[in-house]
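Peer 1: Okay, here's the structure, questions in a sec.
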Amino acid sequence: MAEIKLKTPLTDQDVEKLEIGDRVLLTGVVYTARDAAHKRLSDLIEAGRELPVDIRGQVIYYVGPAPARPGKPIGSAGPTTSYRMDAYAPKLMELGLKGMIGKGNRGANVIEAMRKFKAVYFGATGGAGALLARSIRKAETVAYEDLGPEAIQRLEVDDFPVVVINDTKGNDLYVEGANKYRR
Amino acid sequence: MREIRTEQIVQAVRDLFIDANCNLGEDVLAAFDRAIETDESPVAREVLRELKENARIARDEQSPLCQDTGLAVLFVEVGQDVHVTGGDLKEALNEGVRRGYGEGYLRKSACHPFTRANTRDNTPAVIHFDIVPGERMRIVAVPKGGGAENMSRVDMLSPSAGLEGIKDFVVKRIEASGSNPCPPTVVGVGIGGTFERSAILAKKALTRRIGQRNADPELAGVEADVLSRINRLGIGPMGYGGNTTSLDVFFEVEPCHIASLPVAVNVQCHAMRHKETIL
């Protein structure tokens, strides 16, 4: 199992070399978006309108952080369950999204879109929000402030630890991991 | 008759939700330690160590373990000789939630089901009242995260399914949940009563401590058996593969209708948060 350092935004070459089970430390900008923000982004795409952020090469982190205490950039910030974004994710990959960070299984349509559009799905440790917040240096809301914890935020991360769950070849760490330890 | 002022209730609920969200129980930490000793998967052991480290950071900084600080579930046992003074009991419980989630920097996750508009203060709480003998009030705060809650199910089995049918239903539910509910999970199983009663029993089961077996030796055996079956599924911590898919399984059982066999499975993530106080 390799440990790879990557800087965002990501290129096709960056994601194509990743394999399931690889531990990756991400540095740079990632954008937060979860259920309600995805719905709004999807509505804009349907209407043929511009998105509030240019997502080409970007990584979206499925997270709704806890409020920051004074003096801290952010509160606890671990991943939310990803399948709820499955309906929207392929469209975003078609527009150039290169990575998603979340936790939990993805649908076949999303895994296929990752193969087709060259993107990867990273897992962050669910429930480790206090630990993961330590890798986030800065957070600012860039869209949909009215959504509260569901607003889109621009995060600056430094060695943010993730694991490759689905690569660009259609592999799935969840399937392989469970098969290996099933008795 | 003993008087309890609403201000005491507000303060107690505030403190319980902050405490539950920032300070993981020693029983859960001990379960992580046991799993680090026994899980065959190096990745699983690494994840479990991260969870321990996360709990340490949360405790040190008094920040929530997880950004999903839950809907606010409360079990409130009111002694029949208690007289609440100074206002409305239900409003006092909700005010405690409002203050805890505001002053504790906890995330507000309550929203309208259709518009998804956030209520902004994490109210209303989900409150389960019970009237009991005595002149005390016991309040149990259970912040319940959405990811694991979404994996929960109720089914009305045919009585012919029997105990084996119940066990299969629980194991299959955990298998189908896969990596979604942040394993290693804790599984609350409510059997009996009516449709809604089984779900409340399942939720209440999650207020036990890890390792606390059912007082009925037969049910204690069933819990151990189901736990062992779940941990042979291979899902493991975070679903990356391993022998620790659940930390414990708790059954709560009550009589049901002669035509029915209600079974509820309430899935709880590894951040098994519950704190209680007696006023």
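Peer 1: In the protein assembly as shown, if the dipole is taken from +1 on Lys/Arg beta carbons and -1 on Asp/Glu beta carbons about the Cα centre, which of B:A92, A:G28, B:L279 is farthest to the positive end?
Peer 2: It is A:G28.
Peer 1: Give me the accessible area buried between chains A and B, both sides summed, with a 1.4 Å probe, in Å² rounded to the nearest 100.
Peer 2: Using a 1.4 Å probe, the pair buries roughly 3600 Å².
Peer 1: Also, I was wondering about something else. Explain nothing, just compute: Karplus ³J(HN,Hα) = 6.51 cos²θ - 1.76 cosθ + 1.60, θ = phi - 60°, for every residue of the range A:124-135 in order, whole Hz, x for Gly and Pro.
Peer 2: Karplus values, whole Hz, x for Gly and Pro: 10, 5, x, x, 9, x, 6, 5, 5, 4, 5, 8.
Peer 1: Right, something else. Can you list the residues, at least 5 places off or on another chain, whose amide H is less than 5 Å from the amide H of A:N105, using H built in the peptide plane?
Peer 2: Distant-sequence amide H within range of A:N105: B:S179, B:N180.
Peer 1: Next question. Need one word for chain B: rounded, prolate or oblate. Basis is the Cα gyration tensor (sqrt eigenvalues a ≥ b ≥ c); a/c below 1.5 gives rounded, then a/b vs b/c decides. Each step should come with its number before you reach the end.
Peer 2: Details: a/c = 1.79, a/b = 1.24, b/c = 1.44.
Judged from the Cα gyration tensor, chain B comes out oblate (a/c at least 1.5, b/c at or above a/b).
Peer 1: Further question on the same structure: Semi-axes of the equivalent ellipsoid for the range B:5-109, please: Cα gyration tensor eigenvalues, times 5, square-rooted, ordered largest first, whole Å. Don't skip to the end; give the middle numbers.
Peer 2: Details: eigenvalues 240, 46, 20 Å².
Over the Cα atoms of the range B:5-109, the ellipsoid semi-axes are 35, 15, 10 Å.
Peer 1: Report the extension gain between B:R49 and B:A117 in nm, rounded to one decimal, defined as 0.36 nm multiplied by the number of residues separating them, less their alpha carbon distance.
Peer 2: Details: separation 68, 0.36 × 68 = 24.48 nm, distance 3.69 nm.
In short, 20.8 nm is gained.
Peer 1: Follow-up. For the pair B:V126 and B:R34, what calculated FRET efficiency results from E = 1/(1 + (r/R0)^6), where r is the Cβ-Cβ distance and R0 = 30 Å, to the nearest 0.05?
Peer 2: Numbers: r = 32 Å, r/R0 = 1.05.
Approximately 0.45, to the nearest 0.05.
Peer 1: Express the relative contact order of chain B as a whole percentage, based on alpha carbon pairs under 8 Å and six or more residues apart in sequence. Each step should come with its number before you reach the end.
Peer 2: Details: 612 pairs, mean separation 72.7, N = 279.
Reported as a whole number, the value is 26 percent.
Peer 1: Which residue, B:P124, B:P183, B:P143, tops the fluctuation ranking in a GNM of chain B built on C-alpha contacts under 10 Å?
Peer 2: Most flexible of the set in this elastic network: B:P124.
Peer 1: Please give me the summed charge of the neighbours of B:P262: other residues whose Cβ is under 15 Å from its Cβ, Lys and Arg +1, Asp and Glu -1.
Peer 2: Numbers: positive: B:R153, B:R173, B:R197, B:K203, B:K204; negative: B:D155, B:E196, B:E252, B:E254.
Neighbour charge sum, excluding B:P262 itself: +1.
Peer 1: For the range B:147-272, what relative contact order do you get, as a whole percent, if you take Cα pairs closer than 8 Å and at least 6 residues apart?
Peer 2: Values: 272 pairs, mean separation 55.5, N = 126.
44 percent.
Peer 1: Continuing with the same structure: Mind checking the range B:177-279 for chymotrypsin sites (Phe, Trp or Tyr not before Pro) that DSSP puts in a loop (not H, G, I, E or B) and that have at most 13 other Cβ atoms within 10 Å?
Peer 2: Values: sites: B:F195, B:Y240, B:F250, B:F251; in loops: B:Y240.
Sites meeting the loop and neighbour criteria: none at all.
Peer 1: Enter the Cα centre distance for the pair the range A:96-111 and the range B:139-161, rounded to the nearest angstrom.
Peer 2: Using only Cα atoms to place each centre, the spacing works out to 27 Å.
Peer 1: Follow-up question, since we're still on this one. Which FRET efficiency, nearest 0.05, do A:E50 and A:A87 yield, Cβ-Cβ r, R0 25 Å? Each step should come with its number before you reach the end.
Peer 2: Details: r = 21 Å, r/R0 = 0.84.
Step by step, r from the Cβ atoms, then E = 0.75.
Peer 1: Given a 10 angstrom Cα cut-off, can you work out which residue in A:R115, A:R69, A:R137 is the most mobile in a GNM of chain A?
Peer 2: In the Gaussian network model the winner is A:R69.
Peer 1: Also, I was wondering about something else. What Cys residues in chain B have no fellow cysteine's beta-carbon under 4.7 angstrom?
Peer 2: If one checks each Cβ against the other cysteines of chain B, B:C22, B:C66, B:C111, B:C256 turn up with nothing under 4.7 Å.
Peer 1: Right, another one. Can you tell me the FRET efficiency between A:K39 and B:I278 if r is taken as the Cβ-Cβ distance and R0 is 45 Å, rounded to the nearest 0.05? Walk me through the intermediate numbers first.
Peer 2: Details: r = 44 Å, r/R0 = 0.97.
The formula returns an efficiency of 0.55 here.
Peer 1: A further question follows. What is the spin-label model distance, in nm, from B:S158 to B:R138 if the labels are put 7 Å beyond Cα along the C-beta direction?
Peer 2: 3.9 nm
The values are calculated or read from the model by the stated rules, or taken from the named source; none is laboratory data. Worth saying up front: this structure is predicted, and the values here are computed from it rather than measured. Ideal geometry is used to build each Cβ from the backbone, glycine not excepted, and the neighbour counts take in all protein chains shown. Keep in mind that these areas ignore ligands, DNA and RNA; they rest on the heavy atoms of the full protein, side chains included. Shrake-Rupley method; radii C 1.70, N 1.55, O 1.52, S 1.80 Å.
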